[in-house]
Amino acid sequence: MAEYGKLARTAMSTAKLLAFSPAVATLEGQWHGTQTVLLEFESVDAANEWYHSEDYQRAAKLRHAAAECNAVVISGL
């Protein structure tokens, strides 16, 4: 995952890291992840552009090979 981190940081030039937690306390339902990352973008469009960019998709391939992941975009924060 070190290579993923390097590639992801390069691709994150338009994102602001708001939070990273290696463990979450699930209050309701099931949460399958072991870590959570919260990023802020200027807009939903900017988040989608970042996620679908060639730079991030190179990183995402490594992440998908190493872990089961979810990604969501939430507007209005």
Just to be sure I understand, if you calculate volume of the Cα convex hull per residue in Å³ for this structure, which of (1) 114; (2) 84; (3) 100 do you get?
(3)
Quick one: Karplus J couplings for the stretch 15-27, per residue in order, coefficients 6.51, -1.76, 1.60, θ = phi - 60°, nearest Hz, x for Gly and Pro?
10, 10, 6, 9, 7, 9, 10, x, 8, 10, 9, 7, 8
Using a basic spin-label model with each label point 7 Å from the Cα along Cα→Cβ, how many nm lie between GLN57 and SER43?
2.2
Sequence-distant residues sharing a close amide H with THR36 (under 5 Å, placed H)
SER21, ALA23
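A short reminder: the numbers here are calculations on the coordinates, not readings from a lab. Not measured: the values here are computed from a predicted model. A quick note on method: Cβ atoms are made from the backbone with ideal geometry, for glycine too, and the neighbour counts reach across all protein chains shown.
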